[in-house]
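The values are calculated or read from the model by the stated rules, or taken from the named source; none is laboratory data. The shown structure was predicted, so the numbers you read here are calculated from the model rather than taken from an experiment. Using ideal geometry, Cβ is built from the backbone for each residue, glycine included, and neighbour counts are taken over all protein chains shown.
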Amino acid sequence: MKRNPGTLIFAAICCFAAFVIPSAIFGQGADASTTPAEKAIVDQLRNLRSLADDVRTRTTRQLALDIRALPKTTHKVDLATDLANLSTEGDFGHDTLQEVATTLAKALVEQPQTMNESEPAFPYVELATLVRYEHVQASVDSPQFTAAFAKLEAEDAARAKADFTLTDMQRKSWTLHELRGKVVLVNFWATWCAPCRKEMPDLDALYKKFKDQGLVILAIDDEETTKIAAFLKDKPVTYSVLLDPGRKVNDIFHIDGIPKSFVYDRKGNLAAQSIDMRTQKQFLEMLALAGLH
């Protein structure tokens, strides 16, 4: 789940409180400017998470084509951005992501967005994120798209040299730079986050499989200790859960949505990262880039 920190309207809808979608069309529902075709797409987006993965893959691809076919409407960029936001929650295939990115790029060409003060508008960041981290092809001839790429590069540079010391649920202290010689997976999560909860069993299985080979998983949560403890009592994990009161480490890593994961190799180099929920297969691919097979 990625979120736009400037627009959190959708969080107020109780049945979708586990994640945040950036566009106002979700938070406000259909209005006089929402066409029947747009409303039909909104309804499908709302139900996307409830679908089996194979059905969700087909539906995501078709939604990309349906949004692309819309005329130049008020909500077209919003819908394309919302779909991009949801399309990275798992492994729905490169071809599907390519269709999603193409749709968002074309929508931005049709309807250029206004800068958010000194920051590029969120749809440009979303598109740049797909291109940089999901390795799809898309481009928009816009200074905002260029600025979005520069923003991502700067954040990656900060993560590459990041260090922190946090305490886990058992009051043990962990310092990232002291773990040289280990493969470290840093995972940002929260108890309220549905994609986070979905990937936790895979993370736990991978930790059990590779811990004797030097894998360390540090799962960082900024919630209250009592809330985390109650959650872990029902859904325990064997890897370490670290507390980040005040979100200081979240800020160091520029975390604007969760889950996000970062893998450091035995030399402390940032070897791989994910911008959203990953499957066990995807986590294995990330760990392989750090030399863990």
Exercise for review: Give the residue, chosen from F149, F122, F145, that is touching a Gly at 6+ places or on another chain (Cβ under 8 Å) and more than 16 Å from K72 (Cβ to Cβ).
Suggested key: F122
**Study point:** Residue identified as in contact with a helix residue (DSSP H, G or I) (Cβ under 8 Å, 6 or more places away or on another chain) and either on the phi > 0 side of the Ramachandran plot or among the acidic types (D, E) (or both) among D163, D204, D212, D156
**Key:** D163
Review point. Of (1) more than 21 Å from N85 (Cβ to Cβ); (2) in contact with a Pro (Cβ under 9 Å, 6 or more places away or on another chain); (3) of a type in the set (F, W, Y), F188 satisfies all except one. Which?
Key: (1)
Revision key, fill the gap. When (1) surrounded by 20 or more Cβ atoms within 10 Å (Cβ to Cβ); (2) in the same structural domain as D251 (by TED's automatic domain parsing); (3) not small (G, A, S) are applied to R197, the one that fails is (1)
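Counting just the residues of the range 34-89 that are among the acidic types (D, E) and free of Cβ contacts under 8 Å to residues at least 40 places away in the same chain, which one comes out surrounded by the most Cβ atoms within 10 Å (Cβ to Cβ)?
To start, the set of residues in the range 34-89 that are among the acidic types (D, E) comprises 38, 43, 53-54, 66, 78, 82, 89.
After this cut, where a residue has to be free of Cβ contacts under 8 Å to residues at least 40 places away in the same chain as well, the list is 43, 53-54, 66.
Details: D43: 10, D53: 10, D54: 9, D66: 18.
Going through the qualifying residues, I end up with D66.
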Exercise for review: Tell me which of these S274 doesn't satisfy, since it passes every other one: (1) surrounded by fewer than 21 Cβ atoms within 10 Å (Cβ to Cβ); (2) under 18 Å from D221 (Cα atoms).
Suggested key: (1)
**Study point:** Count of residues meeting criterion [of a type in the set (V, I, T) and more than 22 Å from T129 (Cβ to Cβ)] in the range 47-93
**Key:** 3
Review point. Can you tell me which of Q113, Q137, Q144 is assigned to a loop (DSSP other than H, G, I, E, B), in contact with a Pro (Cβ under 6 Å, 6 or more places away or on another chain), farther than 23 Å from D265 by Cβ and not assigned by TED's automatic domain parsing to the domain that holds I217?
Key: Q113
